[in-house]
Amino acid sequence: MSAEPARSATAESAPGAGGANVPRHVAIIMDGNGRWAEKRGLPRVAGHRKGVETAKDVVRAAGEHGIEVLTLYAFSSENWRRPASEIADLMNLLRRFIRTELGELADAGIRIKVIGDYQAFERDVVELIDGAIGRTKANAKGTLVVALNYGAQAEILAAAQQLAQESRDGAIDPASIEFTHIEERLGTHGLPPLDLLIRTSGEMRLSNFLLWQAAYAELYFTDTLWPDFDADALAVALADYAGRDRRYGGL
Ligand code: FPP
């Protein structure tokens, strides 16, 4: 097995379409919707509703910065632990988001991609998601990846199970398995390496998000609650990223 990570430092440090030091791929853990609502004496759904507005603004701003891929953690595989009413609210917001925003995203040349097991959602939501993916699959101006019923450990486990099966079938020699074989079996296959991972609301953990992909990503944490995050806050995060010295284990 190769001792080298699958991605070379050269590929990882390639500038984004927006120029030098613009990350090609940014991922966001959009945290703090509930606290934003509670602080205002509002139901949690009001925070999620405002959170969707923030997501729309940030998608737009990301495109303006020349970010090629924006990955948003919209529903984790652990979010099923929430009350049924909140899950229903999130699903309704997702339905509404696709119905009202898809046209604009499609016209703007954005490709929509989903990571995670969204097939577990209700039939009509799955159909809406499949429709959004199908309608935008040839778009090339940028990619919006939405993580839905996503968990990184399950994603890596599925890749390992596939490789075990392929080894058993004789399709692959176990001794020749490399980092790239895992990467090719992750939901993010084909996307540029993750450069910057942002988490809002002051929590400092990855919460089972993009664990493999974050190996050499820069991490950025802000106390700002997601509904209060905006294009200016994104610009601050990008300026911070631009000042980072990415060494990938070298000097
Ligand atoms: C975290 O806040 C947020 C979520 C679990 C859901 C994120 C979803 C959205 C922003 C809306 C859906 C997005 C799209 C693109 C349709 P929290 O509820 O954990 O907040 P808390 O930690 O303050 O309770």
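The values are calculated or read from the model by the stated rules, or taken from the named source; none is laboratory data. Predicted model, so just to flag it, every value in this text is computed and none were measured. For neighbour counting, all protein chains shown are included, and Cβ atoms are generated from backbone atoms with ideal geometry for every residue, glycine included.
General remarks:
- Selected residue (only one of T180, T188 is in a helix (DSSP H, G or I), closer than 27 Å to N21 by Cα and at pLDDT 95 or above): T180
- Residue satisfying all of: in segment 18-54; assigned to a loop (DSSP other than H, G, I, E, B) and near the ligand (Cβ under 6 Å from one of its atoms); nearest to the chain's Cα centre (by Cα) among these: M30
- Residue tally, condition in contact (Cβ under 8 Å) with a residue 60 or more places away in the chain, surrounded by fewer than 21 Cβ atoms within 10 Å (Cβ to Cβ) and closer than 19 Å to M91 by Cα, over segment 32-53: 2
- Some residue of segment 1-12 being touching an Asp or Glu at 6+ places or on another chain (Cβ under 6 Å) and at pLDDT 95 or above: no
- Remark: pairs (first residue in segment 151-162, assigned to a helix (DSSP H, G or I); second residue among the hydroxyl-bearing types (S, T, Y); Cβ separation under 7 Å; 6+ apart in sequence or on different chains) = A154/S77.
- The set of residues in segment 55-85 that are more than 10 Å from the ligand (Cβ to nearest atom) and part of a strand (DSSP E or B) comprises V69, L70, T71.
- Residue match in segment 55-72 (condition: modelled with pLDDT of 95 or more and among the hydroxyl-bearing types (S, T, Y)): yes
- Residue among A88, A106 that alone is within 19 Å of H48 (Cβ to Cβ), more than 11 Å from the ligand (Cβ to nearest atom) and part of a helix (DSSP H, G or I): A88
- Filter pass, A140 being of a type in the set (G, A, S) and touching a residue at least 24 places away in the same chain (Cβ under 8 Å): yes
- Scanning segment 69-97 for residues that are within 16 Å of T143 (Cβ to Cβ) and either in contact with a helix residue (DSSP H, G or I) (Cβ under 9 Å, 6 or more places away or on another chain) or among the hydrophobic types (A, V, I, L, M, F, W, C) (or both) gives V69, L70, T71, L72, A74.
- Where a residue in segment 101-116 is buried (at least 20 other Cβ atoms within 10 Å of the Cβ) and its partner, wherever it lies, is assigned to a helix (DSSP H, G or I) and small (G, A, S), with Cβ under 7 Å and at least six apart: I112/A132
- Just one of the listed residues (S207, S201) is surrounded by 13 or more Cβ atoms within 10 Å (Cβ to Cβ), under 30 Å from K39 (Cβ atoms), among the small types (G, A, S) and in contact with a Gly (Cβ under 6 Å, 6 or more places away or on another chain), namely S201.
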